[in-house]
Amino acid sequence: MSSIEDPSDDLSVTPPKTWATGVPAVTHALEYALGQTSVRRTALTLLNINQAKGFDCPGCAWPEPAPGKRHMNEYCENGAKHIADEATSRRVTADFFRDHSIAELGRGSDYWLNQQGRLTEPMVKRPGASHYEPIGWDEALGLLAEELRRLESPDEALFYVSGRLNNEAAFLLQLFARAYGTNNLPDCSNMCHESSGFGLGETLGIGKGSVSLDDIHDSDLIFVVGQNPGTNHPRMLSALEETKRNGGQVVAVNTLPEAGLMRFKHPQRARGVIGKGTAIADQFLHIRAGGDLALFQALNLLLLEAEDAAPGTVLDRSFIESDTTGFEEFAEHARKTRWDDVISATGLTRAEIEEVHRRVLGARSVIVCWAMGLTQQKHGVPSIREIVNFLLLRGNIGRSGAGVCPVRGHSNVQGDRTMGVWEQMPQAFLDALGREFDFTPPSHHGLDAVNSIRAMRDGKAHVFVGVAGNFVRATPDSAVTEQALRNCRLTVQISTKLNRSHTVCGDTALILPTLGRSDRDIQESGEQFHTVEDSMSEVHASRGRLAPASPHLLSEVAIISRLARRTLGDAVDISWELFERDYGTIRDRIARVVPGFEDFNARVDRPGGFTLSNPVNRGVYPTPGGKAVFTRNEFTMLRAPKGHLILQTLRSHDQWNTVPYAMNDRYRGIHNARRVVLVNPDDLAELGLADRDLVDLVGVWDDGVERRAPGFRVVAYPTSPGSAASYYPETNVLVPLDSVADISNCPTSKGVVVRLEPARESD
Ligand SMILES: Nc1nc2c(c(=O)[nH]1)N[C@H]1C(S)=C(S)[C@@H](COP(=O)(O)OP(=O)(O)OC[C@H]3O[C@@H](n4cnc5c(=O)[nH]c(N)nc54)[C@H](O)[C@@H]3O)O[C@H]1N2
Ligand SMILES: Nc1nc2c(c(=O)[nH]1)N[C@H]1C(S)=C(S)[C@@H](COP(=O)(O)OP(=O)(O)OC[C@H]3O[C@@H](n4cnc5c(=O)[nH]c(N)nc54)[C@H](O)[C@@H]3O)O[C@H]1N2
Ligand code: SF4
Ligand SMILES: [Mo]
């Protein structure tokens, strides 16, 4: 199809690494960068990542150190790969679309699609057409506006946002959606940290983390639960190294012994390059899938019993008294925790848990960090609530070195929520938005990601607009989701690079190419910057430095402003033109609508920006009762029928979400293949399978539909007993649409019941 071939599927396996980062990491990043673009562009991009006057790394949401404390190279291997992937010199042109039918593109792999390069001009697929063809911006936006105006109800349109989107564009998009008349703003967060939002919102009153980078450095004890920082938040390892240097300890809780959790070599420090590096985890808990709720219930029981044995020495009674409610009911419930339940749910020994307990007793400050291993489980919300109970018991909220730390994924996913991208924004936000722009936003909740798919599947939504993501590959139940999108009258993707979502089209489909984070953004009033908020609520500016990938690109702000003007006309009196001309005018309005953004333009002008304060750290809990809430959580564990495993669908070291950069997962020792399933050797023996067998993964769910992912190589691997691991998005086909976390509706991507069948003959 093109000169870029899929790498051959030629699996080789080496022992999993016991350390992360160091010289090989830097070399790998440079190799990828130089494969994409010139030495000059590589140097320019790398020198500007995460510097006060440069652009924010488009990788994860881990914060940068304060400006004075940054290294010249304040980025990690993966950050460098993400930026090189965007700064690539390869281009997808109109000729490319003429040469490849949409059906042909649909057969290309996720890897191949991404490797084609940056999108360069707007394209349209007309009804019945087999190919995309060029279309002017005016006509494209007119076509979309016309479809939106034709809908019987604004709730028949969906606006999907991924956390790559900057604050200014996110604010405009939600303003436009609400002025148009809908709260249908599904986002990637619905599939990511949604359980954190609900778990923290209910107990602490705010769905965000409460700690800063300094808290991480100064903490006595940090838990890293269900998270693989070596790959997904690499610079978190530098922070944990600092914790250790200051005398703190780390407990890692994972179903896999992830390299970065074990040992870390700092690439920016001579010692890291040559020495043995720092051992990160003081204790590793090789937990069973979904066992985290039971683990924290056991730790809470131990704390209550220790307090009984030595009253007044274990719990922070005065904090519990002044800052919380529900302690007595919680304690009564917690005392019923049974050790045999805990042992079967966690697969840990009582001695291991008691060892953790002793560390907790010895720590004056404790932080719990977590990511997808918790949030994408059916009982993700109760697990997070139980973690809050654990921290409240010893007053580990709101003081130095202590607190909750949900480690976010996309670089601005937290900011997008702050800007109002959520289908359930509180009424106070909607009122403030309505007051500022003189209209009445709809108050009924919109659709999240899973419910958006249901609406398209059932013919209740007809126009899908995706901004900065890859909806078709990020969502569960791929076959259902693809059909849902094909049911639409119009599908629109505002993107930088080609992906599978461009190949799964409604009757009409539009590709609207846009500037990336590294591209210079010049508007009528001059050069623009935009802003982002990281996982620790730090808001700062990001300025692209490279010549845009094509002269035909518009910024996201420009696309949304023009679309709003075309769709809404004079219906609302909003100065969209001004917004496009000068992004500072958007920030002026954000300052008046979003709490904590007062004087936004001036504060973001300082190097490093500013930090949004979390009220919890001032002893203010925005819960209905004004206090932190202890909760009672029923014991739950994941069970698979005999002969089945609990599959988690996770990231390899060489991918950014739905986009593989290469076929390797270096730290886990997997090379040249992605269709692999990692299984514990004891489970393999019991299932009568051997290392390297070729199997189909077959999902088990109670709707009678067979979900099959064919042709996976078995790799014997130290997964915790009963659990298996495979890469996303190849395995999304196995996640049933209705298999969601309680309360948060987040797909259970880490708890999929499967059986392994000998691979069917390919036909
Ligand atoms: N390089 C790179 N960086 C990324 C991304 C990327 O794709 N590539 N994606 C970004 C995004 S959007 C996100 S949300 C984050 C995701 O960051 P992570 O949450 O670290 O990502 P996953 O690969 O999904 O890994 C989940 C981890 O949880 C563990 N786990 C699975 N089930 C359980 C369980 O039941 N209990 C426990 N205790 N552990 C479990 C897995 O073994 C694995 O270590 O990364 C961000 N950063
Ligand atoms: N099975 C399974 N499914 C999952 C997960 C899992 O662990 N397992 N994880 C879930 C999680 S945590 C998340 S966050 C989602 C991620 O879901 P998404 O955020 O939707 O997916 P991405 O792969 O990050 O999107 C990549 C595309 O974004 C576009 N893009 C990149 N940069 C820009 C930009 O600056 N502007 C614009 N307009 N476009 C840009 C490019 O075209 C690129 O192809 O997936 C979820 N799905
Ligand atoms: S840790 Fe995350 S934000 Fe920092 S450089 Fe790496 S990918 Fe980018
Ligand atoms: Mo995410």
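Let me check against my output: what whole-number percent is the relative contact order of the chain, with C-alpha pairs under 8 Å and at least 6 apart? Write out the running numbers ahead of the final one.
Numbers: 1728 pairs, mean separation 161.5, N = 763.
Relative contact order comes out at 21 percent.
For the chain, what is the percent of antiparallel DSSP beta bridges, rounded to the nearest 5?
40 percent
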Quiz item: Which lysines have a Cα lying under 16 Å from the Cα of residue 53, excluding residues fewer than 8 positions away in the same chain?
Solution: 69
Quiz prompt | Charge dipole (debye, nearest 20) of the chain; +1 at Cβ of Lys and Arg, -1 at Cβ of Asp and Glu | solution = 1500 debye
Quiz item: In region 124-151, which residues have a backbone nitrogen under 17 Å from the label point lying 7 Å from residue 98's Cα in the Cα-to-Cβ direction?
Solution: 124-126, 130-136
Exercise. Would you work out which of 181, 158, 716 lies farthest towards the positive end of the dipole of the chain, given +1 charges on the beta-carbon of Lys and Arg and -1 on that of Asp and Glu, about the Cα centre?
Key: 716
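Between residue 133 and residue 436, take the C-beta separation as r, use R0 = 45 Å, and let me know the FRET efficiency to the nearest 0.05.
Values: r = 40 Å, r/R0 = 0.90.
So, using R0 = 45 Å, E works out to roughly 0.65.
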Quiz prompt | Lys/Arg +1, Asp/Glu -1 at C-beta; the chain dipole; positive extreme among 88, 620, 681 | solution = 88
Exercise. Take the chain, drop everything but the C-alpha atoms, weight them equally and run the Debye formula without solvent; then report log10 I(q)/I(0) at 0.04, 0.06, 0.09, 0.10 Å⁻¹ to two decimals.
Key: -0.15, -0.34, -0.80, -1.01
Quiz prompt | Unmatched cysteines, the chain - criterion: no other Cβ of a Cys under 4.7 angstrom | solution = 57, 60, 76, 188, 192, 488, 505, 746
Self-check item: Inter-label distance for residue 66 and residue 338, nm, one decimal - labels placed 7 Å from Cα along Cα-to-Cβ
Solution: 5.3 nm
Practice problem: For region 75-191, report the accessible area per residue in Å² (1.4 Å probe, heavy atoms, rounded to an integer). | Solution: 28 Å²
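As a check on your grasp of the helix formula, calculate [θ] at 222 nm for the chain: sum -39500 (n - 2.57) over DSSP H runs of n ≥ 4, divide by the residue count, round to the nearest 500. Write out the running numbers ahead of the final one.
Working: 31 runs with 272 residues, N = 763.
Using -39500 (n - 2.57) per qualifying helix, the result is -10000 deg cm²/dmol.
Sequence gap at least 6, Cα distance under 8 Å: using those rules, report the relative contact order of region 194-406 to the nearest whole percent. Write out the running numbers ahead of the final one.
Details: 361 pairs, mean separation 68.8, N = 213.
Relative contact order, region 194-406: 32 percent.
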Exercise. Go through 17/336; 81/378; 378/642; 125/460 and tell me which ones have a Cα-Cα distance over 30 Å in this structure.
Key: 17/336; 81/378
Quiz item: lysines near residue 627 by alpha-carbon distance under 24 Å, same-chain residues fewer than 8 away left out - which ones?
Solution: 208
Quiz item: Any idea of residue 11's accessible area? Nearest 10 Å², probe 1.4 Å.
Solution: 30 Å²
Quiz prompt | Label-point separation in nm, residue 671 to residue 43, each point 7 Å along Cα→Cβ | solution = 3.2 nm
Exercise. Would you mind computing, in nm to one decimal, how far apart the modelled labels at residue 325 and residue 458 are, each placed 7 Å from Cα along Cα→Cβ?
Key: 3.5 nm
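The values are calculated or read from the model by the stated rules, or taken from the named source; none is laboratory data. These figures come from a predicted structure and were not determined experimentally. So basically every Cβ, Gly included, is an ideal-geometry build from the backbone, and we count neighbours across all protein chains shown. Surface areas here come from the heavy atoms of the whole protein model, side chains and all, with no ligands, DNA or RNA. Shrake-Rupley method; radii C 1.70, N 1.55, O 1.52, S 1.80 Å.
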